[in-house]
1. In nm, to one decimal, how far is the modelled label at B:LEU104 from the one at A:ASP59, with both set 7 Å along Cα→Cβ?
2. What FRET efficiency comes out for A:HIS81 versus A:ARG46 if R0 is 22 angstrom and r is the Cβ-Cβ distance? Round to the nearest 0.05.
3. I need the phi-derived Karplus couplings for segment B:14-25: 6.51 cos²θ - 1.76 cosθ + 1.60, θ = phi - 60°, integer Hz, Gly and Pro marked x.
4. Quick one: Debye curve from the alpha-carbon atoms of the protein assembly as shown only, equal weights, vacuum; give me log10 I(q)/I(0) at q = 0.08, 0.11, 0.12 Å⁻¹ to two decimals.
5. Restricting to Cα atoms and excluding each atom paired with itself, what does the Kirkwood estimate give for segment A:15-89 in Å?
6. What does a probe at A:THR15 reach in segment A:24-46, counting residues whose amide N is under 17 Å from the point 7 Å along Cα→Cβ?
7. May I ask for the net charge around A:ASP28, where only other residues with Cβ less than 12 Å from the Cβ of A:ASP28 are counted and Lys, Arg are +1 while Asp, Glu are -1?
8. When only Cα pairs under 8 Å and 6 or more residues apart are kept, what is the percent relative contact order across chain B?
Amino acid sequence: MGVHARRAGYILSETMTVTVLLFASYADALGKSAIELDVAPGSTVRDILGTLLSMPGGDRLPPRPLVAVNQEYASANTTLHGGEEVAVIPPVAGG
Amino acid sequence: MRVALVDGPIDVSALISEVSDDSCGAATVFLGCVRDVNEGRAVTGIEYSAYRSMAEREMTAIAREAAERFGVAHLVVEHRLGTLGLGDVSVAIVVAHPHRAPALDAMRFAIEQLKRRVPIWKLELYVDGTREWIGAGSIPDGVR
């Protein structure tokens, strides 16, 4: 059970959830195409990538892959607030 | 102006009809097709997949940018997903305009941007039964 603090009428949770989407070779590497991650509030894209890279198969991802947050390309410094869709994008090859 | 990801064959004639009217003195068509050889390896087909919601968003952004930059109003982009065989059309870009230069420029702009930015991937299938993800794209400017 998570620890909650009740302050001024708000319930503050110590974790938040983001949905990580994986595609193409990255989905093959981790053996899945979507992962729900519980992370600390204030986590950044870089933190999410660190978690992914430490998972089984994560060593097959490049150290700094391209990322999109809510369908827009984002930097590793982007702060997450919970509920975001974080997509890890292999080199694109349309056309 | 319209963009779409499609799961079946692309009807190029229908796209030309869609964008052309009596004001258009020029229509340009770009078709991307599945090629039989890539980097010396014999190819039997390509499996295309996408991050659909973002791909549609990026394709829409590219169409808007092309419209603004070249003053074209009649433009359609379709990209096909799924397993395609040799010669199948994977992407079609059709632009119509009163004059040829904006139509040619907008078409070129749209395909180059699509290949750089739109999250679509190719799993190439080879004659020897092996398959490989193709990573030809570059990382968009301003990321990281």
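1. In this crude spin-label approximation the distance works out to 5.3 nm.
2. Values: r = 15 Å, r/R0 = 0.70.
In this case the efficiency is close to 0.90.
3. In residue order, the calculated couplings are 5, 5, 4, 4, 4, 8, 8, 8, 5, 7, 8, x Hz.
4. Taken in order of the listed q values, log10 I(q)/I(0) reads -0.38, -0.66, -0.75.
5. Working: mean 1/r = 0.0834 Å⁻¹.
Hydrodynamic radius (Kirkwood, Cα pairs) of segment A:15-89 is 12.0 Å.
6. A:35-44
7. On the way: positive: A:LYS32, A:ARG60, B:ARG131; negative: B:GLU132.
Here the charged neighbours net out to +2.
8. Working: 292 pairs, mean separation 49.0, N = 144.
After rounding, I find 34 percent.
Laboratory data are not the source of any read-out in this text; all were calculated from the coordinates shown. As the structure is a prediction and not an experimental result, all values here were calculated from the model. Heads up, the Cβs are rebuilt from the backbone with ideal geometry, glycines too, and the neighbour counts pull from every protein chain shown.
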